[in-house]
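Q: This is the structure I have questions about; it appears just below.
The values are calculated or read from the model by the stated rules, or taken from the named source; none is laboratory data. Quantities reported herein were computed from a predicted structural model and do not represent experimental measurements. Neighbour counts run over all protein chains shown; Cβ positions are idealised from the backbone, glycine included. Ligands, DNA and RNA are excluded from the accessible area calculation, which covers all protein heavy atoms including side chains. Shrake-Rupley method; radii C 1.70, N 1.55, O 1.52, S 1.80 Å.
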Amino acid sequence: MLKPSKYPAFEIGHMIIEKNGKMCGCGQKGCFEAYSSMKALKDNIRKKIGITKNISGKEALQIIKDNTEEVKDIISEFIFNLSIGIRNLSEIFAPEVVSIGGSLAYYEEVFLTDLQKKVEKSNLYYTPKIVVAEFKNDAGLIGSTIK
Ligand SMILES: [Zn+2]
């Protein structure tokens, strides 16, 4: 039954990837979003570097570039968790391409190559090509990620 205040369309962010995992904003534990969203990435970077205030995506990217070794494990874990979600979806929908939109699209140099490798390694039958949405952060707004 749908909760009256929440009528989600296709909320893949709330598929569970970790039993009894991190608390998600939806009230469940272990959601894909709790591990693989930009908020999760930024929060983990902030905590690692010791920053108490929220940071923008642009600031997080600069921190990654300036502190590559220090945040290496966070990036690696983020990519691994993202690969789990993509793998799960790939086994269900068998897409030819998975397009990453939103603010993560600006992090292509940080994640894309490793993400493609991890998805290739974990998928059972085939691997979708992973690309960055052409319209980047506006992809969801426009409703299209590839021309
Ligand atoms: Zn959730």
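Q: What net charge do the residues around Thr52 carry, taking every other residue with its C-beta under 15 Å from that of Thr52, with Lys and Arg at +1 and Asp and Glu at -1?
A: Working: positive: Lys42, Arg46, Lys47, Lys48, Lys53; negative: Asp43, Glu59.
Result for the neighbourhood of Thr52: +3.
Q: Let me ask something else. Divide by every residue of the chain the summed helix terms, -39500 (n - 2.57) for each DSSP H run of at least 4, and state the resulting mean residue ellipticity at 222 nm, rounded to the nearest 500 deg cm²/dmol. Mind dumping the intermediate values first?
A: Details: 6 runs with 72 residues, N = 147.
It comes out at -15000 deg cm²/dmol, rounded to the nearest 500.
Q: Tell me the carbon and sulfur percent of the accessible area for the chain, rounded to whole percent, probe radius 1.4 Å.
A: The value for the chain is 54 percent carbon and sulfur by accessible area.
Q: While we're on this one: Per residue, how much accessible area does the stretch 34-147 show when a 1.4 Å probe rolls over the protein heavy atoms, in square angstrom? Intermediate results must be reported in sequence, preceding the final value.
A: Numbers: 6670 Å² over 114 residues.
For the stretch 34-147, the solvent-accessible area averages 59 Å² per residue.
Q: Separate question: Based on the Cα gyration tensor of the stretch 11-147, what are the three equivalent ellipsoid semi-axes, each the root of five times an eigenvalue, rounded to whole Å and given largest first? Numbers along the way, then the final one.
A: Numbers: eigenvalues 105, 64, 47 Å².
Largest first, the stretch 11-147 gives 23, 18, 15 Å.
Q: Under 5 Å between amide H atoms, partner at least 5 residues away or on a different chain: which partners does Ile100 have, H built in plane at 1.01 Å?
A: Distant-sequence amide H within range of Ile100: Val131, Val132, Ala133.
Q: Please state the charge dipole magnitude for the chain, taken about the Cα centre, from unit charges on C-beta atoms (+1 on K and R, -1 on D and E), reported in debye and rounded to the nearest 20.
A: So the dipole magnitude of the chain works out to roughly 440 debye.
Q: Here's something else I'd like to know. Can you list the residues of the stretch 21-59 with backbone N under 17 Å from a point 7 Å past the Cα of Tyr106, pointing along Cα to Cβ?
A: So the set is 37-46, 54-59.
Q: To continue, here is another question. Dipole of the stretch 34-147 (Lys/Arg Cβ +1, Asp/Glu Cβ -1, origin at the Cα centre): which of Ser36, Val97, Asn123 lies farthest to the positive side?
A: Projecting each Cα onto the dipole axis, the largest value belongs to Ser36.
Q: Which length gain, in nm to one decimal place, applies between Tyr125 and Lys53 when the Cα-Cα distance is subtracted from 0.36 nm times their residue separation?
A: Length gained between Tyr125 and Lys53: 21.6 nm.
Q: If I take R0 = 35 Å and measure r between the Cβ atoms of Asp138 and Lys19 in this structure, what FRET efficiency does the formula 1/(1 + (r/R0)^6) give, to the nearest 0.05?
A: Plugging the Cβ-Cβ distance into 1/(1 + (r/R0)^6) gives 0.50.
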